[in-house]
């Protein structure tokens, strides 16, 4: 990754943080801010739409894993250790169905 790409990513992250901050502030200040649903994000304050449209690639739902990087994170494991044996969490059937569909969707996307 060159400096220009890193700068673009840094700017996008900064804009995303600003979006989250502005959304929180607007929600705190006024519960009656006019909203629009024209860009697929329900209850988005209209003042944020230009920012969201300008950086639409940041708000896209990812459909694959990110590319390999020089600093991919990993968990170092000790040799010869066995996985921890724990019972799975119990979930109501409605949540279980939702979890299974999300896992299937994630596995299908890669």
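Derivation of every value follows stated rules applied to the coordinates shown; laboratory data play no part. All values reported here derive from a predicted model rather than from experimental measurement. Note that we place each Cβ from the backbone using ideal geometry, even for glycine, and neighbour counts take in every protein chain shown.
What to note about this one:
- With a Förster radius of 25 Å applied to the C-beta separation of residue 74 and residue 105, the computed FRET efficiency comes to 0.50.
- Legend: ranking of residues 97, 57 from fewest to most surrounding C-beta atoms inside 10 Å; resulting order 57, 97.
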